[in-house]
1. Return one number: the angle in degrees, 0 to 90 and rounded to the nearest 10, between the long axis of the Cα atoms of helix 187-206 and the longest principal axis of the Cα atoms of the chain.
2. Quick check on the exposure proxy: order LEU237, LEU263, LEU161 from fewest to most C-beta atoms within 10 angstrom.
3. Under a crude label model (7 Å from the Cα following the beta-carbon direction), how far is PHE312 from GLU245 in nanometres?
4. Relative contact order (percent) for the chain, with alpha-carbon contacts under 8 angstrom and 6 or more residues of separation?
5. Which loop GluC sites (Glu not before Pro) in segment 261-324, with loop taken from DSSP, have no more than 13 other Cβ atoms within 10 angstrom of their Cβ?
6. Using only the alpha-carbon atoms, how far is helix 233-246 inclined from the longest principal axis of the chain? Give it as 0 to 90 degrees, nearest 10.
7. Report, to the nearest 10°, how far helix 251-267 tilts away from the longest principal axis of the Cα atoms in the chain, using its own Cα long axis and a range of 0 to 90°.
8. Residues with beta-carbon under 12 Å from that of SER164, excluding SER164: net charge, scoring Lys, Arg +1 and Asp, Glu -1?
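Bear in mind these aren't lab numbers, they're just calculated from the coordinates by the rules spelled out. Not measured: the values here are computed from a predicted model. Ideal geometry is used to build each Cβ from the backbone, glycine not excepted, and the neighbour counts take in all protein chains shown.
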Amino acid sequence: MDVQKPAEITIPKTIASIGIVNNAVPQPATYGHRHLKYTEKGERTYDEVSLPADSNCILLTELLFEELSGMNYFNNVSLYEYPLREDLAFEDVRRIDSLDVIELAEIMNVDAIISLDRFVVGSLSYEQPLSFEAEDRYLDMKMNTVFHIYSKNGNLISPPLSLSDSVYWQGMYDGDFQISYEGVPELSDAVKGAIAYIASASAASFVPQWIEEYRTYYGDIKEANKKVEADDWKGALEIWQASYEAEQKNMKKKARLAGNIALAYEIIDNIKEALVWSDTAVKLFTESAETSVDMQNKENAESYHTHLIERFREFKVLDLQDRD
């Protein structure tokens, strides 16, 4: 089933247009990238790897602009093409002055500003010899990004958004020949790929996302199973509820039916009723548990109830983020 997850940052519904600005300083070419080697005595040594990074922050804002534009969440997304900072303190996070935010919002004609304030990427590469005249190559890349979000009046909309993530590559080689299906890219290409990855992750922090999740149900009743196969969850719900009311002796079956009813209510977006029925399922499974299978069903019901509590909280946040 497809489940909508709220954005990490709630941007008020009154903000219809957003501007993206680059307020970060690119890291030096000599910063962050190392290659691990071993001496003849087996001691570790590191070589510093130089890689130009002047365009990293520019590329990140451009890709974030493309991601947010393609999501159709805001009526308009704009990109300010000029970097704001001229200092060299690439690790420092410096907020934009409120008067400058107001001016930028007027220039871009937007309701709010997303400011990239820090982007630093580092990597470690190394090789591991194999017994048949080949080697495994590794590249581990780590990124840290900080954003601030301002209203057009110059006020912060939320706490800063800080994202730290990593991307990992591994490949087997015989000299320059790649043996494995997946390989290790050139460092410059790897950085570009990592920037694209963090741009997508950043966009997902500003906009609600749909993800696929899996659910299971108990197939005791064939007629209800056919309704589920036809995606008729209300029809299945009616059958399960009728069976639940009619069942007076088999408490294990009654517990399974309660669990199915909870699922049906979740599918039709009635989370409150789903919580009531999942709680009932937990109680019935607890009271009737005799075997290891019963205990597993009880644990599954408890886990599902906890999940529904989180979904209930998410629904509250999604109500604030819904723009339909």
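1. 50
2. Neighbour counts put them in this order, fewest first: LEU161, LEU237, LEU263.
3. Between PHE312 and GLU245, the simple spin-label model gives 2.4 nm.
4. 19
5. Passing sites in segment 261-324 are GLU290.
6. Once rounded, one gets 40 degrees.
7. 50
8. Within the 12 Å Cβ shell, the charges total +1.
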